[in-house]
1. Report, please, the projected area of segment 536-628 averaged over directions, based on the convex hull of its C-alpha atoms, in nm².
2. Based on the Cβ-Cβ distance of S492 and E222, what FRET efficiency does E = 1/(1 + (r/R0)^6) give at R0 = 45 Å, to the nearest 0.05?
3. Is any residue of segment 359-373 close enough, with backbone N under 20 Å, to a label point placed 7 angstrom from the Cα of D338 along the Cα-Cβ axis, and if so, which?
4. Report the semi-axes of the equivalent ellipsoid for the chain in whole Å, largest first, where each axis is √(5λ) for an eigenvalue λ of the Cα gyration tensor.
5. Quote the convex hull volume per residue of segment 259-310, based on C-alpha atoms, as a whole number of Å³.
6. Out of the total accessible area of the chain (probe 1.4 Å, heavy atoms of protein only), what percent is carbon and sulfur?
7. Put a dot 7 Å past each Cα toward the Cβ at Y62 and L360; how far apart are the dots in nm?
8. Spin-label point model (7 Å from Cα, Cβ direction): what's the R20 to Y307 distance in nm?
Amino acid sequence: MDKLKMHSPNLTEEHIRKIRDLFPGCVTEAKDEDGNLKLAVDFDLLKQELSDSIVDGPQERYHLNWPGKREALLTANAPIAKTLRPCREESVNFETTQNLFIEGDNLDALKLLQETYLGKVKMIYIDPPYNTGNDFIYEDDFAVDKSEYELASGVRDEQGNKQFEEDRWKQNSAAKGRFHSDWLSMMYPRLKLAKNLLRKDGVMFISIDDGEVAQLRKMCDEVFGEGNFVAQLVWERAYSPKNDAKYVSNSHDYVVMFSKNISEFTIGRLPRTEDANLRYQNPDNDSRGVWKPSDMSVKTYNIECDYPITTPSGRVVEPPTGRCWSLSKKAFFERLRDKRIYFGVDGNSVPCIKRFLTELQFDGMAPTSIMPYKDVGHSQEGAKEVTALLQAGAFDSPKPVRLLNRLLTLANTDKDALILDFFAGSSTTAHAVMQLNAEDGGNRKFIMVQLPEPCDEKSEAFKAGYQNIAEISKERIRRAGKKIKDEKGASSLDTGFRVLKVDTSNMAEVYYTPDAVKQEMLFDNVDNIKPDRTPEDLLFQVLLDWGVELTLPIRRETMHGKTVFFVDENALAACFDTGITEELVKDLAAYQPLRVVFRDNGFDSDALKINVEQIFRQLSPETEVKTI
């Protein structure tokens, strides 16, 4: 009987399998340091296959590089032996909600979500920590310290000697470079993992300031592909200038927008405004309704479109110098007969084409790259929203709900879309998703991820009783959900969330490192599950390992004195008790679940353990049977 692997996927192995699909001869078998066979890439042969396009050695090329990049890539691909543990007491409507709040490091969370939510997320929004020249709260193993950076960047040699005379400019330049590297190393693996979760028509938005926008664009070009760039939106975050600015009062931030696949993505359009509609009038009382004039001349010259036109008043009009008409002579007279050409009230003006409001190609208006605060809110609006909900100035620089509403529109989210924010902060994204659902009857779902970063003891949040940012984030969702339900009268609106916390694996260390265990310790480790873990903890690790959605309904039932979990009725059945009998196994098989899992040492006899698969083959042949 197969065992579940109980760790996040090894992305390096997945990449090798993809290479094997394209170039079967380039993937062979090799032995690892322990003598076990594994798949390996024959890079010499792969280079030969790609000999016309490969860049080898120190040849010049255009790419983004920094000290720590290779380590960041290795870390993104490496599996982790961690899990998500449910926390019912901090959840809202745990049994029925389709929303998730994951507490923990987002790098771990993204790895754990890889199989369950691969290609399922319509929109990702993140507001990562801006690079302020300080060390980050996200202390990844691949972040370089000062000495490592100076060696890698040539500031010092291997003996620690300075390579040049340090003046103030060089000191500042080296320090900024190190923090650029740290920030890029923090972001790079997270973006690579996040991209995997996007649907084919999915899109990602990243808030950023001037400090790292250039590096972020280059990094996203590499991760998503330059051709999948959609826009670099400018958000007017401040409504008044700062007169104490040293040089220029900075009133904006950026929102960088990349699609998973630009050919699959369709931008969401904005509702038409009254001002936009006022540009359409009907001075000639056309029965087709209001229209607006459109210039009939174009720059691109075509001799067939260069001809004189006689106006109703008798004046002869030629195209402007260097231009021609946008219509051929035949097309012009067709539109003239259809009363789609206008010469002005007196019939003496240069002709124009009538564009009717009712005949617009698209519904709504094309969004512009500038998002003024009057349309999407400003920083102070975001702060006031959090303060009003939590009765405390509990968070620095939260984004306003109106900004997220605009991004949800641009993402063209369908009513069942899944939205992810893995730098959740105060959970403005969750607030905006719930509000949009209340307005249009949608059933969009969210996944928020937030590190339990401690609040400064001098902060208003700490004084208000919040120990960390994750607590603020969860409480904001609770209160925003209640407020939206009360104001909109949407009693059936899903404003709940399941809280899951990143933790070490439920399996004892001996489960992963058997070579490190002495023979005399084996009898002390018959039970491979940590003693402080509950059956529901085990269930959620199984859901992750099998790629089953983490928000499916869970039913608990007692059968033959044992606790059995049914996930979405027959999607998965699980029993982690010991002393499992043949009668229980047969009764479970009668349910014909798609999957069933038991504890490896849970059977009341070795004979039953051996026969379990045979029992299911006879009674429920489609069921996949595994143990932990």
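1. Value for segment 536-628: 5.1 nm².
2. That pair, S492 with E222, gives E of 0.55.
3. Counting only backbone N, you get 359-363.
4. Each semi-axis is √(5λ); the values are 53, 33, 29 Å.
5. So the per-residue hull volume is 217 Å³.
6. Carbon plus sulfur share of accessible area: 48 percent.
7. Spacing of the two 7 Å Cα→Cβ label points: 3.7 nm.
8. 6.7 nm
The values are calculated or read from the model by the stated rules, or taken from the named source; none is laboratory data. The structure presented is a predicted model; accordingly, all values stated were derived computationally and were not measured. Backbone-built Cβ (ideal geometry, glycine too); neighbour counts: all protein chains shown. Accessible surface is based on the protein model in full, side chains and every heavy atom, while ligands, DNA and RNA are left aside. Shrake-Rupley method; radii C 1.70, N 1.55, O 1.52, S 1.80 Å.
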